[in-house]
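Participant: Please find one structure pasted underneath; my questions will follow.
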Amino acid sequence: MSELRTKCLIIGSGPAGYTAGIYTSRANLEPLMVEGIQPGGQLITTTDVENFPGYIEGVSGPKLMQDLRAQAERYGLNIMSGEVTSVDFSERPYRAKVNGGATEIVADTVIICTGAAAKYLGLPDEQKYMGLGVSACATCDGFFFRGRPVAVVGGGDTACEEALYLANLASKVYMIVRKDYLRASKVMQKRVMENPKIEVLFNTVTLSLFGEEALDGAHVVTSKGTSDEKEYDINVEGFFLGIGHKPNTEIFAGSIELDEAGFIKTVPGSTATNVAGVFAAGDVADPVYQQAVSAAGMGCRAALDAERFIMMSE
């Protein structure tokens, strides 16, 4: 097993990781990034990004990540392929094993940027129409469906927020709700039910999606397994998943403090975790906003926090 030493280990890439890499490199921390199994994070699977500052005509997700990576490397970020599979935060310097232990990294500080993965229904069609109508982010992609019918899956606050946001853009919004009620807060329920553009389909699940070159609709069933069961199609060009995100924090369970949903808890006004010298940035520590630009901002803050921590420790 080989051993590497760094002042700052960045676990994961994406907007948070690359931004942290830019700042820590410029601070001469000689950071080392282990990019993870999906270099660039969720944006690698995103076609067009129009809400990231600096790109007047918009940019594809892969191109945005390529640009951030190139900028970080220009300032000296050392990027290592592979996945951190275990960590030891019991004492400083901290240790992280890569690819099951083939390499061990010893670090004075750690910035966790492992992101969060959107929850999907598990339909084969979801991947087929990914970027062609299927999305897990209304704020990111809703703009492309102006004046067109869309559907939102879910019955919680996230789904209601997505539906209300899309109602300002789309011609019609169907909410596909598995239960016979909305789980969202009362105020969100009221807003959804009173919005003339939103139609809630209770006791309904999606069976499949269809379309030629892009999404044209969804095949759904209401009251499945009962005498009132009814299968039918809804014509939608956008299909948004509003059933939440799962943070990529499995390897940190027991090492740092997580909330009930598995997101990393940070000290208010800081990116610091409950372990001194370990910081978190991006979607892995942000159950609320989950935007590329806010992740990048957190990456900057985590880098500055790590730099200050090292200065105070020397």
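The values are calculated or read from the model by the stated rules, or taken from the named source; none is laboratory data. For clarity, every value in this text was computed on a predicted model and none was experimentally measured. Cβ placement follows ideal geometry from the backbone for every residue including glycine, while neighbour counts extend to all protein chains displayed.
Participant: Among the residues of region 243-283, which ones are assigned to a helix (DSSP H, G or I), among the charged types (D, E, K, R) and either more than 18 Å from V87 (Cα to Cα) or not assigned by TED's automatic domain parsing to the domain that holds P15 (or both)?
Facilitator: Matches in region 243-283: D283 only.
Participant: Right, another one. Just the residues that are buried (at least 24 other Cβ atoms within 10 Å of the Cβ) and either assigned to a strand (DSSP E or B) or touching a Ser or Thr at 6+ places or on another chain (Cβ under 7 Å) (or both), please, taken from region 1-26.
Facilitator: Scanning region 1-26 gives C8, L9, I10, I11, G12.
Participant: Let me ask something else about it. Output the residues belonging to region 235-250 that are surrounded by fewer than 19 Cβ atoms within 10 Å (Cβ to Cβ) and over 20 Å from V288 (Cα atoms).
Facilitator: N235
Participant: Which residues, taken from region 118-161, are within 15 Å of the chain's Cα centre (by Cα) and within 12 Å of I243 (Cβ to Cβ)?
Facilitator: A118, K119, Y120, A136, T158
Participant: When the residues of region 43-80 are filtered to those that are of a type in the set (S, T, N, Q) and in a helix (DSSP H, G or I), which remaining residue is farthest from E126 (Cα to Cα)?
Facilitator: Here the answer is Q71.
Participant: Within region 251-284, take every residue that is under 15 Å from the mean Cα position of the chain (by Cα) and surrounded by fewer than 24 Cβ atoms within 10 Å (Cβ to Cβ) and give me the one that is nearest to R301 (Cα to Cα).
Facilitator: So, considering only residues that are under 15 Å from the mean Cα position of the chain (by Cα) and surrounded by fewer than 24 Cβ atoms within 10 Å (Cβ to Cβ), the one nearest to R301 (Cα to Cα) is F263.
Participant: Keeping to region 219-242, report how many residues are assigned to a loop (DSSP other than H, G, I, E, B) and not hydrophobic (A, V, I, L, M, F, W, C).
Facilitator: 10
Participant: Where in region 118-218 are the strands (runs of 3 or more DSSP E), entirely inside, with at least 1 residues that are surrounded by fewer than 16 Cβ atoms within 10 Å (Cβ to Cβ), out of contact with any Phe, Trp or Tyr (no Cβ under 6 Å at 6 or more places or on another chain) and not acidic (D, E)?
Facilitator: 204-210
Participant: Okay, next question. Return yes when Y75 is at pLDDT 95 or above, hydroxyl-bearing (S, T, Y) and touching an Asp or Glu at 6+ places or on another chain (Cβ under 7 Å) and no when it is not.
Facilitator: Against the criterion (at pLDDT 95 or above, hydroxyl-bearing (S, T, Y) and touching an Asp or Glu at 6+ places or on another chain (Cβ under 7 Å)), Y75 does not qualify.
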